[in-house]
Amino acid sequence: MLVRKADQAAAIRDAPRTIGLAQTALQQRRRLTSRGRAVALQQVAVGHALAGNEIACQRALDAAAQLAQRSQQEGDEGPGRYCTPAYVEIQRAATWIELGRPERAITLFENSLARLPSVHRRDRGVYLARLASAYALSGSPEVSVRKGWEAISVAQATGSRRINTELAQLRTRLTPWESRPQVSQLVKELRVA
């Protein structure tokens, strides 16, 4: 429950509360599996990214990745099964965007999307929208637009609010290139969505 509250705090960009709640969850050490600690640590990392603390963010993600790996090796099937080493790397990509280093996010998102099983359609849409944002923030609006259209396609097929939330951020990030026809067309579509 504490990690979920930390996630909600992150959604409103409250870095201190995100970190505090996730660290409180980590204090429940006896009650947490390796995977449970990994989930809490990746949330600590998100909080540090929101606060602009790159070193603390990456350290927390490194620890989360190690715990997620250990959890997989142990066959931990408890809560937080989604928190695999691959998931932690997706979170790392998202934190690079937050930390103002979108070029680092691009490679991680591209690699993760290439390995993501097709059954994870909603996740694919979220990651595509974040990848499109990373390209926009890196100054590559043409690639951003292509990835944005892919994300829109998944959002329309699944009706996912999470994807639409990410696409709303993409719309803002594409504003500097809105005079370009292909960007303008995507931005118009995003306003309707």
In percent, how large is the relative contact order of region 1-90, given Cα pairs closer than 8 Å and 6 or more residues apart? 27 percent
Once both label points are put 7 Å beyond Cα along the C-beta direction, the Arg31-Ser118 separation in nm becomes 4.2 nm
Across the alpha-carbon set of region 1-110, Rg over Rh with Rh taken as the Kirkwood radius works out to 0.96
Each label sits 7 Å from Cα toward the beta-carbon; between Glu110 and Ser179 the label points are separated, in nm, by 2.9 nm
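GluC sites (Glu not before Pro) within region 1-99: which are DSSP loop residues with at most 12 other Cβ atoms inside 10 Å? Present the calculation step by step, with values, prior to reporting the outcome.
Numbers: sites: Glu54, Glu74, Glu77, Glu89, Glu98; in loops: Glu77.
Of the GluC sites (Glu not before Pro), the ones in loops of region 1-99 whose Cβ has at most 12 other Cβ atoms within 10 Å are Glu77.
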How much mean residue ellipticity at 222 nm does the chain get from its helices, if each DSSP H run of length 4 or more adds -39500 (n - 2.57) and you divide by all residues, to the nearest 500 deg cm²/dmol? -25000 deg cm²/dmol
Ratio Rg/Rh, restricted to the chain and using Cα atoms, in which Rh is the Kirkwood radius: 0.99
With a ≥ b ≥ c from the Cα gyration tensor eigenvalues, square-rooted, and the rule rounded for a/c under 1.5, otherwise prolate when a/b > b/c and oblate otherwise, region 101-193 is oblate
Round to a whole angstrom and tell me the spacing of the C-alpha centers of region 105-165 and region 13-43. 27 Å
Percent of accessible area on region 1-122 owned by carbon and sulfur, 1.4 Å probe? 49 percent
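With a cut-off of at most 15 other beta carbons within 10 Å, and DSSP calling the residue loop, which trypsin sites (Lys or Arg not before Pro) in region 37-82 qualify? Please list them. Don't jump to the answer; show the numbers that get you there.
Numbers: sites: Arg37, Arg59, Arg70, Arg81; in loops: Arg81.
Qualifying residues, ordered by number: Arg81.
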Quote the Stokes-Einstein diffusion coefficient, in whole µm² s⁻¹, for region 105-153, based on the Kirkwood radius over alpha carbon pairs, a temperature of 4 °C and a viscosity of 1.567 mPa s. 123 µm²/s
For region 74-150, what is one quarter of the convex hull surface built on the Cα atoms, given in nm²? 5.5 nm²
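For a quick check of your reading of the filter: which GluC sites (Glu not before Pro) in region 102-193 sit in a DSSP loop and have no more than 16 other Cβ atoms within 10 Å?
Answer in residue order: Glu178.
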Just the accessible area per residue of the chain, please: how many Å² with a 1.4 Å probe? 52 Å²
So the angle from the long Cα axis of helix 15-26 to the longest Cα principal axis of the chain, reported in degrees to the nearest 10, equals 40 degrees
Of the candidates Gln42, Gln156, Gln58, which one comes out as most mobile in a Gaussian network treatment of the chain with C-alpha springs shorter than 10 Å? Gln156
Rounded to the nearest 10 degrees, what's the angle between the helix 34-51 long axis and the longest principal axis of the chain, both from Cα atoms, 0 to 90? 50 degrees
Based solely on C-alpha atoms, express the radius of gyration and the Dmax of region 30-85 in angstrom. 11.2, 34
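The values are calculated or read from the model by the stated rules, or taken from the named source; none is laboratory data. The model shown is predicted, which means the values in this text are computed figures rather than measured ones. Using ideal geometry, Cβ is built from the backbone for each residue, glycine included, and neighbour counts are taken over all protein chains shown. Remember, those area values only see protein heavy atoms, side chains included, never the ligands or the DNA or RNA. Shrake-Rupley method; radii C 1.70, N 1.55, O 1.52, S 1.80 Å.
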